[in-house]
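Below is one structure, written out as structure tokens; the observations come after it.
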Amino acid sequence: MRRYFVFVLLFLLFSFELFSDEGMWIPLFLGELNEAEMQAMGMKITAEDIYSVNQSSLKDAIVLFGRGCTAELVSDEGLILTNHHCGYGRIQAHSSLENDYLTDGFWAMDRSEELSNPGLTVTLLVRMEEVTEQVFDGVSENMSEKERSEIINKNIEEIEEEAIKDTHYKALIKSFFSGNRYFLFINEIFKDVRLVGSPPSNIGKFGGDTDNWMWPRHTGDFSVFRIYADSLNKPADYSENNVPYKPKKHFPISIKGVNEGDFTFVFGYPGRTQSYITSYGVDMQVNVINPISINLRAKRIDIFNKAMNKSKEVRLQYSSKQAGISNGWKKAIGETRGITRLKTIESKQAFEQEFKLWASSSPELNSKYGSLLDEFKKDYKKIGPLIQKSVYALEAGLSTEIIRYALSFDKLVDQSQKKDADNAGIQNSVDKLKDAMEKHFKNYQLFVDKKVFISMMTDYYQNNEMTDIPPIIADKIKKYNGDFEKMTDDLFSKSMFASKENMITFLEKYKKSHFKKIKKDPAYKLADGIASYRQNEVKPDIRKLGRNLDSLMRIYMQAQMEMQPMKKFYPDANMSLRVAYGNVDGYNPDDAITFKHYTTLDGIMEKEDPDIYDYVVEDKLKELYMNKDYGKYADPDGTIHVCFTATNHTTGGNSGSPVLDAEGNLIGLNFDRCWEGTMSDIDYDISQCRNIALDIRYCLFIIDKFAGAGHLVDEMTIIE
Ligand code: ARG
Ligand code: GLU
């Protein structure tokens, strides 16, 4: 035992990070932690070129697009590139059956044609700074968790306020390493962002959800926007007088081509990873959460697909919703498979054994960490069944559109039933609901929603104990004695939320006493019942246990770092700007199968199928292909390269992120990961984890040759 222990200890002390491609690194510390390695892997520039406190650097050309994607500046006139799927909702909002930009594409041929997008923002990082000490000011070891977080929150508020005094910036402090360190981000938020161009869906979403998360891939997943600012180059609300934003930096674009083994890095906003969780956490993800959403989402997707295949109108209405649901569904399937294949639970368990040994090696360690893993185990055991109820209530209970629509009236009900009701506030809500009503019914089909409702209720009933179902649903099931058709017909025929006409009249004539009508509506009652079940019956315990797990995680994270002092740790993704680096590379997904690192236009022609929506190829693209009319965008091998893969560690939020070469030139847009590697949010495996990027030459080829929008390429800095 003792010898084993010494061996383990030595192994842990001297095991350096073997696979450098893993990790999403903080730009501020690249010089200290990563530069030497990046240069050894082929990088020609310095850490200071990527992120600098003193001068303009590549980070000045990167923005957070909306709340969940990345985009990058590619001209000195505010032009940005992001993914088609990131601009999707905006493109759809500008589309109608007459002007179907989603299907046909959209190109502003001059600035006056660029389309504004109310509500869309892009966020530019001005600077970041570590503020751990200030955030912990006043915190002591023996404090209760409650006291601790009160002090931390108060400190955060004060630091944020102080940091942006007398500026137009916004400040945001985020926790890193599960609450062991804190960083302050000073941001500039632009509010006038206009749509400049989008390829047709059969380019931007070629292969649709069939190819999503998969390699080989042929999707031209990009769209083009422009940031506008006021005459002083500062953020401003939309105005005709705004002018294109002049950035400090924009990316030069290299069309020299991408070769196997080339160094690349991805610079963007990864959303969430859980690399350091316990085996219990992994178990909950793959054995509780994923199976529920895989099962329930498959049912909704199937209903949507059948309806979309029958009608163009329904396709237009439901494509964005369907993409949203199926993306998470497929990711969960890939993740579960990857974790099973890698035996992540087993390897975490083995690590936990070593951890226990280490923690028992001295009385001091033992008192700090000795019981940690048992506490995790206890808490996960309690939280598992609660998470199950909560995810079910969300994915089955609240996923029907009518239910969610009805629920959006809860604020109006609250406002109206107050004794001293605020009439202006009520009017404001009514106006907003009128707007939302138009949007809701523009994309709504009653027959689809009814099918979803029947399916969700049936599943709830078949796969849960009655005691685990929200009482309001359980009562209904009992009342209808399992006749879900009748239950559905009654709900949809009696609820005003099923009909646009009813809603128009209701909102036009709204008086505050009418909140009673909302409260009596069967869809609202059901929605309110499910939502309050989640909020009041399930969530409070989840929150309590969750807070406890967070504190345990903070301590466990600290302990892991203490136990492996030679290991380079990167913090889990948290929607802050990060750098991931690696090499262009293919992979072997299965025995005897080898994937190349790139795909070509020839592959699009091979996949073409005029009868399947996702594989239709435009005549114009075929013509260009036939005539080999590729301009300067062809590879030296004579073909047009469409996508490529590399070993960069990325996740959701990295969509639209620039993929850069050794010199920091743009060579691609990140848009996906391969299916075999989607477990990298929990467990990264260099042999299977690949990010998928659009080759920038295909993007320019489509803009220039296909869309005839060469004036946009003229704005960019092209390196041939
Ligand atoms: N899987 C990519 C991501 O997570 C792309 C999603 C959009 N594409 C789609 N076919 N649904 O965002
Ligand atoms: N498509 C993802 C996104 O929206 C990126 C792919 C991934 O999860 O790695 O950010």
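No value in this document is a laboratory result; all are computed from the given coordinates. Just so you know, these numbers come straight off a predicted model, no measurement behind them. Cβ atoms come from the backbone with ideal geometry, glycine included; neighbour counts cover every protein chain shown.
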Per-residue ³J(HN,Hα) for region 334-343, Karplus 6.51 cos²θ - 1.76 cosθ + 1.60, θ = phi - 60°, Hz, x for Gly and Pro: x, 5, 4, 4, x, 5, 5, 5, 7, 6
Gain in span if fully extended, Asp489 to Asp714, counting 0.36 nm per residue against the direct Cα distance: 75.2 nm
Span from the region 611-680 Cα centroid across to the region 114-191 one, whole angstrom: 36
Dipole-positive endmost among Phe506, Ser390, Ile333 within the chain (Cβ charges, Cα centre): Phe506
Proximal charge balance of Lys418 [Cβ under 15 Å; K/R count +1, D/E count -1]: +2
Label-point separation in nm, Ile164 to Ser144, each point 7 Å along Cα→Cβ: 3.3
Table column - 3J(HN,Hα) (Hz), region 304-309, Karplus curve with 6.51, -1.76, 1.60, x for Gly and Pro: 4, 4, 4, 5, 5, 6
Fewest-first sequence of Met456, Met109, Met716 by Cβ atoms within 10 Å of each Cβ: Met109, Met716, Met456
Burial ordering of Thr167, Thr344, Thr103, fewest other beta-carbon atoms within 10 Å first: Thr167, Thr103, Thr344
Per-pair calculated FRET efficiency, R0 = 45 Å: Ser360 and Asn305 via Cβ, rounded to 0.05: 0.25
Near-label residues of region 486-507 by backbone N, under 19 Å of a point 7 Å along Cα→Cβ of Glu313: 498-504
Extension gain from Ser367 to Arg127, taking 0.36 nm per residue of separation minus the Cα-Cα distance: 82.4 nm
Virtual spin-label span in nm between Lys154 and Asp431, 7 Å along Cα→Cβ: 3.9
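Give, as a single signed number, the net charge of other residues whose beta carbon lies under 13 Å from the beta carbon of Met605, with Lys and Arg counted +1 and Asp and Glu -1.
The answer is -4.
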Using θ = phi - 60° and Karplus 6.51 cos²θ - 1.76 cosθ + 1.60, couplings along region 312-317 (whole Hz; Gly, Pro as x): 5, 4, 5, 4, 5, 6
Zone of Glu37's modelled label, taken as backbone nitrogen in region 645-669 under 15 Å from a point 7 Å along Cα→Cβ: 647-650
Residues of region 497-535 with amide N under 18 Å of the 7 Å Cα→Cβ point at Phe447: 498-500
Linear extension gain, Asn233 paired with Met566, 0.36 nm per residue minus alpha-carbon span: 115.3 nm
Of Met308, Leu412, Val659, farthest towards positive along the dipole that unit charges on Lys, Arg, Asp, Glu beta carbons give the chain: Leu412
Relative exposure of Glu618, Glu395, judged by other C-beta atoms within 10 Å (fewest first): Glu618, Glu395
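Please tell me which of these pairs span more than 32 angstrom C-alpha to C-alpha: Lys299/Lys356; Lys306/Lys381; Lys205/Lys299?
Lys299/Lys356; Lys306/Lys381
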Nitroxide proxy distance, nm - points 7 Å out along Cα→Cβ at Gln274 and Glu465: 2.4
Distant-in-sequence amide H partners of Gly668 (H built 1.01 Å from N, under 5 Å): Val659, Ile696
